[in-house]
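**Q** My questions will all concern the structure given below.
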Amino acid sequence: MKSLLPLVMAVTLLSACQRDPAAAPATEPQTTATATPMAEAPAPTPAADDTAAPAGPVSQASFLGYGDMKLGSTVDEARAAWGGELNGAPMEGTTCHYLWPKWISRPADFAFMMEDGRFVRYDVGTDKETAPGGGKVGMSVEELQKLYSGALKASPHKYTQGGQYLSMDAGDVAPTRLVFEVDAAGKVTSWRVGLSPQVEYVEGCS
């Protein structure tokens, strides 16, 4: 009887070669990665509405004064409230004069009237400023009356043929008055806000 040892060894070697390599134990321990939580993404910012009109500058003109400068305050108080440099000084022997910002090239465009040591009126001759209620230089009489719901009272202009003044009182807001000057073509050329009687001075401090 032949020995079975060579046959058994051959079968054993063949079985070892057919084993699944994946089933073999790992020679090195596998490291399990720990998941790091992701930071919460910030909420998206809403897109700007391209159809919205840009906000324009807020006018500082009011029936009470201009910005922090209150009608009826002293010249020193008005200067302090303005906070910047103002040009202008009273002429000798006069009680009325104008002050205006140093960046103004024409005082007729924007100036503050001082009389008897008080801030009593401000004058505007440019469309860069808006009057209380929304009126501006360059508007027509029709536009003004519509804007102020017909509250403006008309009177003839002292010097301009066909021109006029359109004015209204501040009522309970303040003891002041708004006056628009309109040329013969029916367009606003200037406006002013002030106390009485100074707001009625047609020639300013002249």
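**Q** Quick one: accessible area per residue over region 99-161, 1.4 Å probe, rounded to a whole number of Å²? Display every interim value, and only then the final one.
**A** Working: 3460 Å² over 63 residues.
Accessible area per residue, region 99-161: 55 Å².
**Q** Would you check the accessible area of TRP82, probe 1.4 Å, heavy atoms only, in square angstrom rounded to 10?
**A** 70 Å²
**Q** Let me ask you something else. Quickly rank 153-159, 69-75 as a protection proxy: mean count of other C-beta atoms within 10 Å, highest first. Before the final figure, lay out the partial values.
**A** Details: 153-159: 11.4, 69-75: 17.9.
Packing order, densest peptide first, comes out as 69-75, 153-159.
**Q** Take GLU200 and THR126, extend 7 Å from each Cα along the Cα→Cβ direction, and tell me the distance between the two endpoints in nm.
**A** 3.1 nm
**Q** Could you give each residue of region 111-126 its phi-based ³J(HN,Hα) in whole Hz, using Karplus coefficients 6.51, -1.76, 1.60 with θ = phi - 60°, and x for Gly or Pro?
**A** The phi angles translate into 7, 10, 8, 10, 9, 6, x, 10, 7, 10, 6, 9, 10, 10, x, 10 Hz.
**Q** Determine ³J(HN,Hα), in whole Hz, for all residues of region 69-81 in sequence, where each value follows from phi through the Karplus function 6.51 cos²θ - 1.76 cosθ + 1.60 and θ = phi - 60°; x replaces Gly and Pro.
**A** Whole-Hz 3J(HN,Hα) from phi for region 69-81: 7, 9, 4, x, 6, 6, 4, 5, 5, 5, 4, 5, 5.
**Q** May I pose another question? In Å, what Kirkwood hydrodynamic radius results for region 77-156 from the alpha-carbon pair distances?
**A** Numbers: mean 1/r = 0.0687 Å⁻¹.
Result for region 77-156 stands at 14.6 Å.
**Q** I've got another one for you. For PHE110, which sequence-distant residues (separation of 5 or more, or a different chain) have an amide H within less than 5 Å of its own amide H, given hydrogens modelled in the peptide plane?
**A** The list, which skips near neighbours in sequence, is GLY125.
**Q** Hey, what do the phi angles of region 187-201 turn into as Karplus ³J(HN,Hα) couplings, whole Hz, using 6.51/-1.76/1.60 and θ = phi - 60°, x for Gly and Pro?
**A** My calculation for region 187-201 gives 10, 6, 9, 6, 8, 8, 10, x, 7, 8, x, 4, 5, 8, 5 Hz in order.
**Q** Please list, ordered by chain and number, the residues whose modelled amide H lies under 5 Å from the amide H of TYR66; skip anything fewer than 5 residues away on the same chain.
**A** It is LEU71, by chain and number.
The values are calculated or read from the model by the stated rules, or taken from the named source; none is laboratory data. In this text, all values refer to a predicted model and were calculated from it rather than measured experimentally. Virtual Cβ from ideal backbone geometry, glycine too; neighbours counted across all protein chains shown. The area values use the complete protein model at the heavy-atom level, side chains included, leaving out ligands, DNA and RNA. Shrake-Rupley method; radii C 1.70, N 1.55, O 1.52, S 1.80 Å.
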